[in-house]
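Student: I'd like to ask you about the structure that follows.
The values are calculated or read from the model by the stated rules, or taken from the named source; none is laboratory data. Every value quoted in this text rests on a predicted model; they were computed, and no experiment measured them. Cβ atoms come from the backbone with ideal geometry, glycine included; neighbour counts cover every protein chain shown. The area values use the complete protein model at the heavy-atom level, side chains included, leaving out ligands, DNA and RNA. Shrake-Rupley method; radii C 1.70, N 1.55, O 1.52, S 1.80 Å.
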Amino acid sequence: MQLHVVSHPLVEHKLTVLRDKNTPSNIFRELVSELVTLEAYEATRDLIVEDHDIETPVAKMTGKKLIKPAPMVVPILRAGLGMLDGMTRLLPTAEVGFLGMKRDEDTLDIITYANRLPEDLTGRQCFLLDPMLATGGTLVAAIHYLAERGARSITAIDIIAAPEGLERLKKEVREDIDFTVVVAAVDEKLNEKAYIVPGLGDAGDRLYGVID
Ligand code: URA
């Protein structure tokens, strides 16, 4: 596993406003989107390109274009959806699949409740979107899900990670999977309810409101 913590003054500033409990949902959503775009610049560094011949108004030249099949962006519902437009702004030719996974708050087990993805992901560079890498359980399950369908490489873009979650990924993700995590910050720890400390609270609730 490779870990990349994006270090940039704009990321630090936006993240601080995002964490603030007084930041309202509309601003929170905008900030998530902006942070993802900044992270996506780093996360897409290894996208594969190939030569492409064009003619400028002045001369012929060989430039570069992303190879096909197009990258696959997979937000993990519900909170990952808030990251989608920030990602596709930078990568408009990506295809989008959806994975609905949630944590059972009593057992902390991961339940897959929705899946809209091609069965065959052979050769695809995949980007998983999930704002909070807490216990890492959802992400381990999602990574294996994509790898079993043939994904060539998998990059998880999260906003905040807990050290416990990163440790779990290192231990539990199969070693043959080409896997990178990109985050804006690694926080201190998880609390007894598996929330990231200091974190930002429940990302899904802050994006979309509380569902009981
Ligand atoms: N999910 C969240 O939304 N927040 C946390 O702190 C942990 C998991």
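Student: About its Cα centre, how strong a charge dipole does region 2-208 have in debye, to the nearest 20, once Lys and Arg get +1 and Asp and Glu get -1 at the Cβ? Don't skip to the end; give the middle numbers.
Tutor: Numbers: 24 positive and 33 negative charges, 66 e Å.
Dipole of region 2-208, to the nearest 20 debye: 320 debye.
Student: Now for a separate question. So if each residue of separation counts as 0.36 nm, and I subtract the Cα-Cα distance between residue 202 and residue 5, what length gain in nm does that give? Show your work: numbers first, answer last.
Tutor: On the way: separation 197, 0.36 × 197 = 70.92 nm, distance 2.12 nm.
This chain segment gains 68.8 nm when fully extended.
Student: Something else now. In the structure shown, do any of 14/102; 21/189; 102/170 have a Cα-Cα gap over 23 Å, and if so which? The partial results should precede the final answer.
Tutor: On the way: 14/102 26 Å; 21/189 19 Å; 102/170 21 Å.
Flagged as over cut-off: 14/102.
Student: What is the set of long-range amide H partners of residue 127 at a cut-off below 5 Å, with H atoms built 1.01 Å from backbone N?
Tutor: 72, 73, 74, 155
Student: Which lysines, if any, have their Cα less than 24 Å from the Cα of residue 60, not counting same-chain residues under 8 positions apart?
Tutor: 68
Student: A further question on this structure: Going from most exposed to least, what order do 31, 90 have by accessible area with a 1.4 Å probe? List each step's numbers first, then the result.
Tutor: Details: 31 15, 90 70 Å².
Result of the area sort, largest leading: 90, 31.
Student: Something else now. Place +1 on the Cβ of every Lys and Arg and -1 on the Cβ of every Asp and Glu in region 19-94, take the dipole about the Cα centre, and give the residue among 72, 56, 83 whose Cα lies farthest towards its positive end.
Tutor: Result: 83.
Student: With a 10 Å cut-off between alpha carbons and a GNM built on the chain, which of 58, 140, 181 moves the most?
Tutor: Answer for the Gaussian network model of the chain: 58.
Student: With viscosity set to 1.002 mPa s at 20 °C, what whole-number translational diffusion coefficient in µm²/s follows for the chain from Stokes-Einstein and a Kirkwood radius over Cα pairs? Don't skip to the answer; put the middle values down first.
Tutor: Numbers: Rh = 17.7 Å.
It comes out at roughly 121 µm²/s.
Student: Another question, if that's okay. Roughly what % antiparallel, to the nearest 5, for the DSSP beta bridges in the chain?
Tutor: On the way: 15 of 40 bridges.
Of those bridges, close to 40 percent are antiparallel.
Student: What angle do you read, to the nearest 10 degrees and between 0 and 90, between the alpha-carbon axis of helix 163-172 and the longest principal axis of the chain?
Tutor: 60
Student: For 208, 145, 195, write out the residues from largest to smallest accessible area, computed with a 1.4 angstrom probe and no ligands counted.
Tutor: Values: 208 95, 145 40, 195 70 Å².
These residues rank, largest area first, as 208, 195, 145.
Student: Given a 1.4 angstrom probe, I'd like the percentage of the accessible area of region 159-202 that is carbon and sulfur, rounded to a whole number.
Tutor: Details: 1050 of 2260 Å².
On region 159-202, the fraction of accessible area on carbon and sulfur atoms equals 46 percent.
Student: On a 1.4 Å probe surface of the protein chains, which of 87, 61, 132 comes out largest in accessible area, and what is the full order?
Tutor: Numbers: 87 0, 61 85, 132 35 Å².
Output order, biggest surface exposure first: 61, 132, 87.
Student: Computed FRET efficiency, Cβ-Cβ of residue 171 and residue 52, R0 45 Å: what is it to the nearest 0.05? Intermediate results must be reported in sequence, preceding the final value.
Tutor: Values: r = 41 Å, r/R0 = 0.92.
Step by step, r from the Cβ atoms, then E = 0.65.
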